[in-house]
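The structure appears below as structure tokens.
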Amino acid sequence: MYNICIVFDELKRTMQQTGTEKFPIRTVSEITGVNAVTLRAWERRYGLIKPSRTPKGHRLYSRRDIKLVEEILGRLSQGMTISQVARDILENGQSDRIENNETWNNYANKMIAATVNFDEHALDLVYNDAMSLYPIDIVTTRLILPLLGELGNRWAIKTGSIAEEHFFSMYLRNKLGARFHHQNLRSSGARLIMACLPGEHHEFGILLFALTAQSKGFQIVLLGADLPVIELLQVVNNTDNQGIVLAGSAALRCETLFENLKSLTSAVSIPVFVGGDVSHSCRDSIVEANAIPLGHDLTGSLSTISNRLKQSN
């Protein structure tokens, strides 16, 4: 540790040299108690701090940057993880502090390369790295969903194979399933039933949404793909649930959706929410059936659910 007098002598010299209050990283480390490696990680991995640079590339921090570091430390001392701090900043309209597109493109390119080579170890390394640095909703929005779309496009234009898509799908299903099971045992908030609408066979969307809901404290009863609506009544009757969340693609017919939803909302006393592409393509039918459309935004959808459940209590 530097002697405190030396620290402030360096601080003074820096101010004289730059003509502004800009502090080098080791000075900021001494002032805040956060080591330089961590400060660089918060910048590079989370985008939480963005210091300026000298002509030689050395970092210079402003008083505002130091105040932000102290704010982050305060949140960490309250029990938040650095991922939760990053998510909190994102949800408060400061998304520019979260990593730029280059970070997510690099993750995606590495995962595609691992998939092409059917290399589960390499795939796991990249996925685990992303999950260790960012909350599940950010990883889902910025990496997993675009990656699923890219793999589907590769197969459609014949640059990829069905085997690649199946390999990645099996990997992701196992990974998400294990995480869902582990997290669900620890959740203690409101319980939601989640399922795909009849005719919807792709369950990744509802599983990813379930994981995001879990990160907000919800308990989930997950019923998977292509569930007949009539089957939901038994689940509602046999369990204590506060809401139902259904999901589907734009391929579902609005008339059929309306009939299914109307029969459900007429038979249950808890709110019914509908997400996925169908919540846009059939929005009017959903509202007419007394259900609540959610859209695609994960954070916004969970806010809608939370607010509606509060009104029901």
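General remarks:
- Looking only at the stretch 62-82, residues that are surrounded by 11 or more Cβ atoms within 10 Å (Cβ to Cβ) and more than 11 Å from residue 49 (Cα to Cα) come to 10 in all.
- Close pairs (8 angstrom Cβ cut-off, 6 or more residues apart or separate chains): in the same structural domain as residue 168 (by TED's automatic domain parsing) and assigned to a loop (DSSP other than H, G, I, E, B) in the stretch 107-118, crowded, with 16+ Cβ neighbours inside 10 Å and not aromatic (Phe, Trp, Tyr) anywhere: 118/164
Quick grid of which residues meet (1) surrounded by fewer than 20 Cβ atoms within 10 Å (Cβ to Cβ); (2) touching a Gly at 6+ places or on another chain (Cβ under 8 Å):
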residue: 232; (1), (2): no, no
residue: 244; (1), (2): no, no
residue: 251; (1), (2): yes, yes
residue: 282; (1), (2): no, no
residue: 288; (1), (2): yes, no
residue: 296; (1), (2): yes, yes
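- The residues on offer are 157, 144, 136, and the sole one that is crowded, with 20+ Cβ neighbours inside 10 Å and modelled with pLDDT under 80 is 136.
- Being out of contact with any Cys (no Cβ under 6 Å at 6 or more places or on another chain), assigned to a helix (DSSP H, G or I), at pLDDT below 80 and within 27 Å of residue 295 (Cβ to Cβ) holds for only one residue in 177, 152, and it is 152.
- Beta carbons closer than 9 Å, at least 6 apart along the sequence or on distinct chains, pair a first residue in the stretch 217-244 that is of a type in the set (A, V, I, L, M, F, W, C) with a second that is surrounded by fewer than 12 Cβ atoms within 10 Å (Cβ to Cβ) and assigned to a loop (DSSP other than H, G, I, E, B) for 221/239; 225/201; 236/269.
The values are calculated or read from the model by the stated rules, or taken from the named source; none is laboratory data. These numbers were taken from a predicted model, which means no experiment stands behind them. Note that each Cβ is placed from the backbone with ideal geometry, even for glycine, and that neighbours are counted across all protein chains shown.
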